[in-house]
2 protein chains.
Amino acid sequence: MNNTDPLKNIRVVLTRPSHPGNIGAAARAMKTMGLDALYMVQPREFPHNDADVRASGARDVLQNAQVSDTLADALRGCVFAVATSSRRRELRHETMTARQAAQTLLQEAHAHRVALVFGNETSGLNGHEASLCNVWAHIPANPQYASLNLAAAVQIFAYELRMATETSAPASPPEFEPAAMEDVERLYEHFERTMIASGFVDPRQPKRLLARLRRLLARARLEIEEVNILRGFLKSVDRDRR
Amino acid sequence: MNNTDPLKNIRVVLTRPSHPGNIGAAARAMKTMGLDALYMVQPREFPHNDADVRASGARDVLQNAQVSDTLADALRGCVFAVATSSRRRELRHETMTARQAAQTLLQEAHAHRVALVFGNETSGLNGHEASLCNVWAHIPANPQYASLNLAAAVQIFAYELRMATETSAPASPPEFEPAAMEDVERLYEHFERTMIASGFVDPRQPKRLLARLRRLLARARLEIEEVNILRGFLKSVDRDRR
């Protein structure tokens, strides 16, 4: 946590990037706007010379990048994550423009770690990845050709984050402490187990109901205390059944 | 002139671009935001396979691109041109942020052709090129590393232009008709000739005075009528001297 520069508390997460050149260009885009925390989930090729070349003066961002196997790992320690898309058809959850999302992310980043998540160049974010994020954000674009290059999309969001710093101030003293994403994830898993054990969810056809539960938990932006209460409740349900 | 979509009246001018890949990426950046008029001044390599590859679905923008020898040629027919830079030290003339410049450009583009001018990747715009533009615009960036890739800078300006369309409306009926840039240029040249002939400017050391005159004319954003008046005045001065 950096208490003086909220931009340092914002992770850029590239999920399954295909082209190392895009990774390097994204690192450069980040650094030009003052971001430096790059995370990658299963990059196809990294490290790679193309990444170094396109990073130009931002190779330090590549050198400090974190690579993980799952998006959940990359989000560990964050309290808020924005999924990005240029395709409106993907939109679910709450949706925002890039400008609105930047303002929200920056506001949170004064006191917490947050993440901005980009999908694969061709396929975007898959449903599971998206379900781990709290809101969707899209870049307004030409409806006839909305295919932004990955690094170009990173550049726009990074730029909007920097622009947001000019008007943003720390929130008034937080009234509550938001739960970390991994704690919300454990709560979700607990719900899933308990709902199956109780017979409420059919484990052979759980999909739709559990997906809606996940969406609800993501949207709700739970406090730590609320997670604890709900998990306590689930434990009591588990105990009663035995 | 396109009377329904002001974005079509905005030229993106790349001055002496070094890397064809950047040209292609700039074309893609433009098209994602609804821009399609690409102009280039002395590109080092164009056409080029790297440009086609990086343009992706925007090769039509490359195919319709106009190539010229001088920036003045690329600006022909425009009434307003914005010079871009990420380096504050270059700033002269009136300066704006990218967001402000986009709003101004779009406002003008409802009724006129306008241009957004980018310099060479390494050296930016030279003094003469800059002097042909009316205002400077810069992208707010990390002061420790403000080195945006050329196509990334095009992407941000194009994005701001598209964002500006959401709030922009045609200006109230224009109160005057702005002069085309080439007419202002001819006026400047006329001033120069007349000032030298009259002895006001020493042709061996004209630099500073003429540079200031050029800046003044660029900043003033002359109307057609004003250009005609000034040229009429200069002609009368020329006649008197003979």
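Bear in mind these aren't lab numbers, they're just calculated from the coordinates by the rules spelled out. If you're wondering where the values come from, they're calculated on a predicted model, not measured in any experiment. All Cβ positions, even for glycine, are placed from backbone atoms using ideal geometry, and neighbour counts span all protein chains on display.
For region A:1-137, the alpha carbon positions stretch 38, 36, 25 Å along the principal axes, listed from largest to smallest. A dipole drawn for region B:6-165 from +1 and -1 charges on Cβ atoms has a positive end, and of B:HIS19, B:LEU62, B:PHE118 the residue lying farthest that way is B:PHE118.
Over the protein assembly as shown, DSSP H runs of length four or greater, each weighted -39,500 (n - 2.57), average out per residue to a 222 nm ellipticity of -14000 deg cm²/dmol. What percent do you get for the relative contact order of region B:6-165 when only Cα pairs under 8 Å and 6+ apart count? Here the relative contact order equals 32 percent. At the listed q of 0.09 Å⁻¹, the Debye profile of the protein assembly as shown, built from one uniform point per Cα, gives log10 I(q)/I(0) equal to -0.68. Take the Cβ atoms of A:GLU166 and B:ASP183, set R0 to 45 Å, and the FRET efficiency comes out at 0.75. For the Cα atoms of chain B, what angle does the longest principal axis make with the long axis of helix B:150-165, in degrees from 0 to 90, nearest 10? So the helix axis and the longest Cα principal axis differ by about 80 degrees. Using Cα atoms only, what is the angle between the long axis of helix A:98-109 and the major principal axis of chain A, expressed in degrees (0 to 90) to the nearest 10? Rounded to the nearest ten degrees, it is 70. Taking other C-beta atoms within 10 Å as the exposure proxy, B:SER56, A:SER131 rank B:SER56, A:SER131 from fewest upward. Taking every Cα-Cα distance in chain A and sorting them into 10 Å bins starting at zero, the pair-distance distribution P(r) comes out as 8, 31, 34, 19, 8, 1, 0 percent. Short to long, the 10 Å bins of the Cα pair-distance histogram for region B:92-233 hold 10, 33, 32, 18, 6, 0 percent of all pairs.
Bridge orientation summary for chain B: considering DSSP beta bridges with both residues in this region, about 5 percent are antiparallel. In this structure, A:ASN3 and A:PHE176 have a Cβ-Cβ separation that, at R0 = 22 Å, corresponds to a calculated FRET efficiency of about 0.70. The alpha carbons of region A:181-241 occupy a box of 31, 27, 14 Å along the principal axes, longest dimension given first. For chain B, which longest stretch is free of loop sites, where a loop site is one of the GluC sites (Glu not before Pro) that DSSP puts outside H, G, I, E and B and that has at most 14 other Cβ atoms within 10 Å? In chain B, the maximal stretch lacking such sites is B:46-165. Working from Cα pairs under 8 Å separated by at least six residues, relative contact order for region B:181-241 is 53 percent.
For a straight C-alpha distance cut-off of 16 angstrom, the aspartates and glutamates reachable from B:LYS31 (same-chain residues fewer than eight places away being disregarded) are B:ASP5, B:ASP52, B:ASP60, B:GLU160. In nanometers and ordered shortest first, the copy-to-copy spacing of the A:SER198 label point, defined 7 Å from Cα toward Cβ, is 9.1. Once both labels are positioned 7 Å from their Cα atoms along Cα-to-Cβ, the gap between B:ARG193 and B:GLU45 label points is 4.3 nm. Straight Cα distances below 13 angstrom link B:LYS235 to the aspartates and glutamates B:GLU189, B:GLU192, with same-chain residues fewer than 8 positions distant left out. A Förster distance of 51 Å, applied to the separation of the beta-carbon atoms of B:THR122 and B:ILE224, puts the FRET efficiency at 0.85. Looking at the protein assembly as shown, the DSSP beta bridges with both ends there are about 5 percent antiparallel. Just name one of B:HIS128, B:ALA29, B:ILE229: the one whose Cα is farthest towards the positive end of the charge dipole of chain B (beta-carbon charges, Lys/Arg +1, Asp/Glu -1). Of B:HIS128, B:ALA29, B:ILE229, it is B:HIS128. Axis of helix B:224-241 versus longest Cα principal axis of chain B: the two differ by about 40°, to the nearest ten degrees.
Placing a label point 7 Å from Cα along the Cα-to-Cβ axis, B:THR95 is separated from the same position in the other copies by 3.9 nm, shortest listed first.
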